[in-house]
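One structure is given here, and the rest of the page talks about it.
The values are calculated or read from the model by the stated rules, or taken from the named source; none is laboratory data. Just so you know, these numbers come straight off a predicted model, no measurement behind them. Cβ sites come from the backbone with ideal geometry, for glycine too, and all protein chains shown count toward neighbours.
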Amino acid sequence: MSTPETPDVLKDEYKYGFYTDIEADSAPKGLNEDIIRFISRKKGEPDWMLEWRLKAYRGWLKKKEPRWAYLDYPPIDYQDICYYSAPKTGPAGEVDEELRKTFERLGIPLDERKRLEGVAVDAVFDSVSVATTHKDILAEKGILFCPISEAIREHPDLVRKYLGSVVPPADNFFAALNSAVFTDGSFCYIPKGVRCPIELSTYFRINARNTGQFERTLIVADEGSYVSYLEGCTAPLRDENQLHAAVVELIALDDAQIKYATVQNWYAGDKEGRGGIYNFVTKRGHCRGQRSRISWTQVEVGSAITWKYPGCVLEGEHSVGEFYSVALTNHRMQADTGTKMIHIGSHTRSTIVSKGISAGESVNSYRGLVQVLPDAVGCRNHSQCDSMLIGDKCKANTFPVVEAENGSAVIEHEATTSRISEDQLFYLKSRGITEEDAVSLVVNGFCKEVFKQLPLEFAVEAIRLLELKLDKSIG
Amino acid sequence: MSECGADFEIKDLCASVEGKPILKGVNLRVNRGETHALMGPNGSGKSTLASVIMGHPGYEVTGGQICFKGRNILDLETEERARLGIFLAFQYPVAIPGVTVAKFLKTAADAMRPGGAKVSSAAFLKELREYMAFLEMDPAFINRFLNDGFSGGEKKRMEILQMLALKPAFAVMDETDSGLDIDALKIVSKGINRLVGPDFGLLLITHYERMLRYIKPDHLHILMDGRIVHSGGPELVKRLEEKGYDWVRQEFGKEVLAE
Ligand SMILES: Nc1ncnc2c1ncn2[C@@H]1O[C@H](COP(=O)(O)OP(=O)(O)OP(=O)(O)O)[C@@H](O)[C@H]1O
Ligand SMILES: [Mg+2]
C-alpha cells in the first residue's frame, strides 16, 4: 500500500502567538544565589523557603543536564535566561486591563461576572499568578485553591509538609532547577471527604522575551476527597527558544481521587524548526493512601522539545494509576514522553494508553517504565501504545521498559504503529469529505480513548486544537 | 475530445497502475434511470474501473474521459466527484477505528453541501434510524466504529446505508452481493431498489446472476482484459452462468488476444 505525501493539511498556524505589550518588572538575566534571593524577596517568602531554594540550587550546580532522551537540541545557556518577570499591575486585587484582554483572547475570562461556568481558573502570566476565579464557591467547601506563592505565605504548614515530598529537589536536573527558581503555579488542597464541585484549572502564559517559565503545582487530596484539575498553556511566537521547566506534585491520601488533565499548546516553533518552547517537565503523583487513585491525561500538541513523563507512585494498597496521552508532533517538533508506574503497594493497578501522532519531519517517542517492587503482590498493568504516522519523513519510537520483581504481577503490553492509509483517506473522500477533514476524522478516531477521559468541554477544545494543528485552511 | 452530456458516460478510458496498463479503452454509457450490470473474470479490471471513476490516486488515467452532468470529471478531486452525486460501494470497505458511524455519516452529509446549511443532527439521526430499520440493521451500529470489526455482510449493508443517506445520482456497486447470505442479499437489494428510479443511474459489478433477480438490469456488459468485449440484454447472464467466460473469449476476445 502506498502512503500519501504529508498533506498540506498539516500546515497550521499558531493562533496564540501574539505578544502583549505590558510593562514588566524583571530580574536581570542569569542565575546565581542573588537571583534566587531576589525571587524569594519578590514573593515575600519566609526564610525556610529561601533556604529550600538555595539548597536546591546548590544541588543543581552538581547535576548534569540529562541527554538520554531521543531529542536533539543545541546546548541551553542557563545564564542567558531571565528567571523572573512580573507584569506591573494596578492596585491590589485588580487585574490590569491589558492582562484581562490577553486572557480573554485566549478564551479565559478573568472577570468574575463573565467567569467560565463550572471551572475555577488560576491565571499565571510569566512569573506570577494574576487572578483566581470562583473563590467563593471553593471557600464554602473549605477548598484551598490559590497561587503557590500565596500558599507559601498563608498556609506554610501544608506547603512545608508536602512540597518536594513527591518530586524532591534532587530528583533530576530540571526538578532541581525548578525548585531553585520556581516563580508561580497553583496550590490546591481538598479537605477530607470533600468532592470539589467544579473543575479547577490553571492557565499558564509565557509572554516576556528571554524569560523562562518555572511553575510549580502542588495538589493534595485528603482522605476520601475528589478533584478534577486542568492545565492549559500557550506562549507568543518567537524566533528564539524559551525554556519551560515545571514541576507538578500530586498527593492522594486514602480513598482520594485526583484527575489531572493537561492541554499543552506552547509555541512549537515554525516549519523550519526556528523558535519554540523547550518543555522539560517533571510530573508525578503519589497514591499515598489505600484505594487512592490518580489519573494523568495529557494532550500535547505544542513545544519544540517535549521531555515529560507524568507518573504514579502507587504506594497505598489497591491504589490505581492511569496515564492517557495524545502527543502530536508536526514539522520539526520532537517529543519524548511517556510515563512511569511504580507499583510499591500490593494489589495496585495501572493503565497506560498512549497515542503518538507524527507528521512532517517530527520525531515522536514513547518512553515508559512499569516497575513492580518485590513485596508488591497481585499488581496489574495494562499498556497500550499506538503510533500513527502521517507522511514518510516523520519518526515514531517506543521504549517500553518493564521491571517486574514480584512473580504475581500481570503485565500486558500492546503496541501498534500505523500510517494513515491512502485507502482510508480515499474511502472518506469518496463520501464527499475533504482531505483535511478526512485526516482529522482518522486522527480523532485514533485518539478517542484518550479524549473521552477529558471533561466534555475540554474534550471539545482538544479536538478543535488537534484539527487546528492539522488544518490547511488556516495556513 | 468530445462533448460531455448530462448522463454518465465513459469514453475510451485507459488507466494503469504502477506503469502497468489495466484499462485499455473502456466505453460505457449509463443513462439516467438505467441499471447496467458489469461482469467479467477475476482480474479483468472491474474494481480498477470503479476506483478510476471515483478518482483513486493510485491509478493513472492515461487516456479518455468520464463524463457526468455535462463535464469531464477526470480533473475533479474524489470528494468533488462525490458531491456531484457519484457514489462507490466498495468491494472491500476499510475500517476507520474510533470514528462512529453516526459521526462519519453526519460529516459526510454536511460535506455534501459545502457552504450549505448543515443538517440538524436530530433530523439526520431520525432519517438514519429509518434507513437502518429498512435495512434491518441493529440500531446499535450507529454508535459503532465504522466498519471496525464488522462482518463481511455487515460492511456491505453499511455501504447501502451510506448510499441511502447520501442519495447519489449515480452509483457504482462493486460486488456488493459477494459474501451476503440469502436473506441479506434480499435486504440489500431492497435498499438499492429504493434509490432506483428515473433520476438514478446504476452500474452493478457482480459475478453472479442471483442479485440480478432482484435488481433488474437494462443492459449487461462483459469486461475482459480491460475492455468491454460484449454487451447485451439481461438474458446474457443466463448464458454466462451456464457456460462461463470461455465462449466470450472465443467469440469476442479475438481482437484482444491478437494484440
Ligand atoms: N494497486 C494495484 N497494484 C498492482 N496491481 C493492481 C493494483 N490494482 C489492480 N491491480 C491489477 O489490476 C488487475 C485488475 O484488477 P481488478 O481489481 O480491477 O480486477 P477485478 O476485475 O475487480 O477482479 P475481481 O473480480 O477479482 O474483483 C489485476 O491484475 C490486479 O492485480
Ligand atoms: Mg474487483
Subject >> Flag if B:Gly201 is within 16 Å of ligand 1 (Cβ to nearest atom), within 23 Å of B:Ile53 (Cβ to Cβ) and in contact with a Lys or Arg (Cβ under 7 Å, 6 or more places away or on another chain) >> reply: no
Original post:
Only one of (1) more than 20 Å from B:Met173 (Cα to Cα); (2) within 16 Å of ligand 1 (Cβ to nearest atom) fails for B:Asn42. Which number is that?
Top reply: (1)
Original post:
Are any of the residues in the range A:325-343 modelled with pLDDT of 95 or more, of a type in the set (Gly, Ala, Ser) and touching a Leu at 6+ places or on another chain (Cβ under 7 Å)?
Top reply: no
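Table: residues versus (1) free of Cβ contacts under 8 Å to residues at least 60 places away in the same chain; (2) part of a strand (DSSP E or B).
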| residue | (1), (2) |
| --- | --- |
| A:Thr262 | yes, yes |
| A:Trp266 | no, no |
| A:Trp296 | yes, yes |
| A:Val326 | no, yes |
**OP:** Among the residues of the range A:398-436, count how many are in contact (Cβ under 8 Å) with a residue 24 or more places away in the chain, within 14 Å of chain B (Cβ to nearest Cβ) and of a type in the set (A, V, I, L, M, F, W, C).
**Re:** 2
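Out of curiosity, is B:Gly98 facing chain A (nearest Cβ under 9 Å) and either farther than 21 Å from B:Ala82 by Cβ or not in a helix (DSSP H, G or I) (or both)? Steps first, answer last, please.
Details: facing chain A (nearest Cβ under 9 Å): yes; either farther than 21 Å from B:Ala82 by Cβ or not in a helix (DSSP H, G or I) (or both): yes.
Yes, satisfied.
Name the residues in the range A:437-452 that are charged (D, E, K, R) and either under 18 Å from B:Gly55 (Cα atoms) or within 7 Å of chain B (Cβ to nearest Cβ) (or both), would you? Walk me through it before giving the result.
Of all residues in the range A:437-452, those charged (D, E, K, R) come to A:437, A:448-449, A:452.
Within the range A:437-452, A:Asp437, A:Lys448 meet the criteria.
Between A:Lys429, A:Lys469, A:Lys448, which is surrounded by fewer than 20 Cβ atoms within 10 Å (Cβ to Cβ) and more than 21 Å from A:Gly311 (Cβ to Cβ)?
On the way: A:Lys429 fails: surrounded by fewer than 20 Cβ atoms within 10 Å (Cβ to Cβ); A:Lys469 fails: surrounded by fewer than 20 Cβ atoms within 10 Å (Cβ to Cβ).
The conditions single out A:Lys448.
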Subject >> Subset tally (residues that are surrounded by 24 or more Cβ atoms within 10 Å (Cβ to Cβ), more than 16 Å from the chain's Cα centre (by Cα) and in a strand (DSSP E or B)) for the range A:330-354 >> reply: 4
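Going by what's in this entry, would A:Ile251 be described as over 18 Å from A:Thr306 (Cα atoms) and surrounded by 24 or more Cβ atoms within 10 Å (Cβ to Cβ)?
In short, yes.
Scanning for something touching a Cys at 6+ places or on another chain (Cβ under 8 Å) and more than 8 Å from ligand 1 (Cβ to nearest atom), does the range B:45-55 turn up at least one residue? Show your work before the answer.
From the range B:45-55, those touching a Cys at 6+ places or on another chain (Cβ under 8 Å) are none; that's our starting set.
Looking for residues that are touching a Cys at 6+ places or on another chain (Cβ under 8 Å) and more than 8 Å from ligand 1 (Cβ to nearest atom), one finds none in the range B:45-55, hence no.
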Original post:
For the range B:1-60, what are the residues that are small (Gly, Ala, Ser) and touching a residue at least 60 places away in the same chain (Cβ under 8 Å)?
Top reply: B:Ser2, B:Gly5, B:Ala6, B:Gly25, B:Gly33, B:Ala37, B:Gly40, B:Ser44, B:Gly45, B:Ser47, B:Ala50
Original post:
Any idea which residue in the range B:168-184 is farthest from ligand 2 (Cβ to nearest atom), counting only those that are away from chain A (no Cβ under 14 Å) and of a type in the set (Val, Ile, Thr)?
Top reply: B:Ile182
**OP:** Report those helices (runs of 4 or more DSSP H) wholly inside the range A:144-211 carrying at least 2 residues which are more than 30 Å from A:Asp239 (Cα to Cα) and of a type in the set (A, V, I, L, M, F, W, C).
**Re:** A:148-154, A:156-162
Subject >> Residues of the range B:56-73 satisfying the condition of being among the polar types (S, T, N, Q) and either closer than 18 Å to B:Phe8 by Cα or near ligand 1 (Cβ under 7 Å from one of its atoms) (or both) >> reply: B:Gln65, B:Asn72
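On the basis of being crowded, with 20+ Cβ neighbours inside 10 Å, away from ligand 1 (no atom under 16 Å from the Cβ), among the charged types (D, E, K, R) and part of a helix (DSSP H, G or I), does B:Arg129 make the cut? Reasoning before the result, please.
On the way: crowded, with 20+ Cβ neighbours inside 10 Å: no; away from ligand 1 (no atom under 16 Å from the Cβ): yes; among the charged types (D, E, K, R): yes; part of a helix (DSSP H, G or I): yes.
Criteria not met by B:Arg129.
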**OP:** Among the candidates B:Cys14, B:Cys4, single out the residue that is part of a loop (DSSP other than H, G, I, E, B), crowded, with 17+ Cβ neighbours inside 10 Å and either away from ligand 1 (no atom under 15 Å from the Cβ) or modelled with pLDDT of 95 or more (or both).
**Re:** B:Cys4
Original post:
Looking only at the range B:48-58, which residues are facing chain A (nearest Cβ under 9 Å) and within 15 Å of the chain's Cα centre (by Cα)?
Top reply: B:Ser51, B:Met54, B:Gly55, B:His56
Subject >> Answer residue from the range B:59-89, given it is touching a strand residue (DSSP E or B) at 6+ places or on another chain (Cβ under 9 Å) and within 7 Å of chain A (Cβ to nearest Cβ) and is farthest from B:Thr176 (Cα to Cα) among those >> reply: B:Ala82
**OP:** Could you tell me whether the range B:38-50 includes any residue that is of a type outside the set (S, T, N, Q), touching a Leu at 6+ places or on another chain (Cβ under 8 Å) and at positive phi?
**Re:** yes
**OP:** Find the residue count for the range B:185-217, including only residues that are within 16 Å of ligand 2 (Cβ to nearest atom) and not in a loop (DSSP other than H, G, I, E, B).
**Re:** 4
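For the range B:50-67, enumerate the residues that are more than 20 Å from B:Met211 (Cα to Cα) and within 16 Å of ligand 2 (Cβ to nearest atom). Steps first, answer last, please.
Here is the first cut: in the range B:50-67, the ones more than 20 Å from B:Met211 (Cα to Cα) are B:51-67.
Scanning the range B:50-67 gives B:Ser51, B:Val52, B:Ile53, B:Met54, B:His56, B:Gly58, B:Tyr59.
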**OP:** Any chance you could count how many residues in the range A:301-313 are in contact (Cβ under 8 Å) with a residue 60 or more places away in the chain and in a strand (DSSP E or B)?
**Re:** 3
**OP:** Inspect all residues belonging to the range B:137-148 and state whether any of them is within 25 Å of B:Gly201 (Cβ to Cβ) and away from ligand 2 (no atom under 16 Å from the Cβ).
**Re:** no
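Taking the criterion of being more than 14 Å from every other protein chain (Cβ to nearest Cβ), loosely packed, with under 12 Cβ neighbours inside 10 Å and at pLDDT below 95, would at least one residue in the range A:12-26 satisfy it?
Of all residues in the range A:12-26, those more than 14 Å from every other protein chain (Cβ to nearest Cβ) come to A:12-26.
Filter once more, keeping what is loosely packed, with under 12 Cβ neighbours inside 10 Å: A:21, A:23.
Next, from what is left, pick out any that are at pLDDT below 95: A:21, A:23.
Looking through the range A:12-26, at least one residue is more than 14 Å from every other protein chain (Cβ to nearest Cβ), loosely packed, with under 12 Cβ neighbours inside 10 Å and at pLDDT below 95.
Would you call B:Gly33 within 27 Å of B:Thr206 (Cβ to Cβ), more than 12 Å from chain A (Cβ to nearest Cβ) and within 14 Å of the chain's Cα centre (by Cα)?
no
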